[in-house]
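**Q** A single structure is presented below for examination.
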């Protein structure tokens, strides 16, 4: 079983997947910083000084040791922007890869 596992790990697809996961994690951090540190402050300034991290609807105020219960929709907006940026970049990468595959297949014919 150990020999089969070594063969499985040594296959190109597994290595490609590992590289993709590491690069994806780094890209996620870059996107998070872009949204939180650059885009949201600019959007907040345009919208009159809004801090997205503080946007929330308080359902129940904090009482003593009990924390408040709130819907933090500002954080949701940040995560949504991050998702849209990542989805856009992935779309562009897939589009470029498809174009490259099409041009290679046309050269072979």
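Taken together, the values in this text are just the output of simple stated rules run on the coordinates, not laboratory data. Keep in mind the model is a prediction, meaning the values are calculated, not measured. With ideal geometry, Cβ positions are generated from the backbone for all residues, glycine too; neighbour counts draw on all protein chains shown.
**Q** Mind checking which helices (runs of 4 or more DSSP H) fall wholly inside the range 1-76 and carry at least 2 residues that are within 15 Å of the chain's Cα centre (by Cα)?
**A** In the range 1-76, the matching helices (runs of 4 or more DSSP H) lie at 12-33.
**Q** Return the residues of the range 33-52 that are farther than 30 Å from residue 20 by Cα and touching a helix residue (DSSP H, G or I) at 6+ places or on another chain (Cβ under 8 Å); say none if nothing qualifies.
**A** If the condition is that a residue be farther than 30 Å from residue 20 by Cα and touching a helix residue (DSSP H, G or I) at 6+ places or on another chain (Cβ under 8 Å), then 43, 44, 50, 51, 52 are the ones that fit.
**Q** Quick check on residue 96: is it touching a strand residue (DSSP E or B) at 6+ places or on another chain (Cβ under 6 Å), at negative phi and either surrounded by 10 or more Cβ atoms within 10 Å (Cβ to Cβ) or outside any helix (DSSP H, G or I) (or both)? Lay out the reasoning, then the answer.
**A** Values: touching a strand residue (DSSP E or B) at 6+ places or on another chain (Cβ under 6 Å): no; at negative phi: yes; either surrounded by 10 or more Cβ atoms within 10 Å (Cβ to Cβ) or outside any helix (DSSP H, G or I) (or both): yes.
Against the criterion (touching a strand residue (DSSP E or B) at 6+ places or on another chain (Cβ under 6 Å), at negative phi and either surrounded by 10 or more Cβ atoms within 10 Å (Cβ to Cβ) or outside any helix (DSSP H, G or I) (or both)), residue 96 does not qualify.
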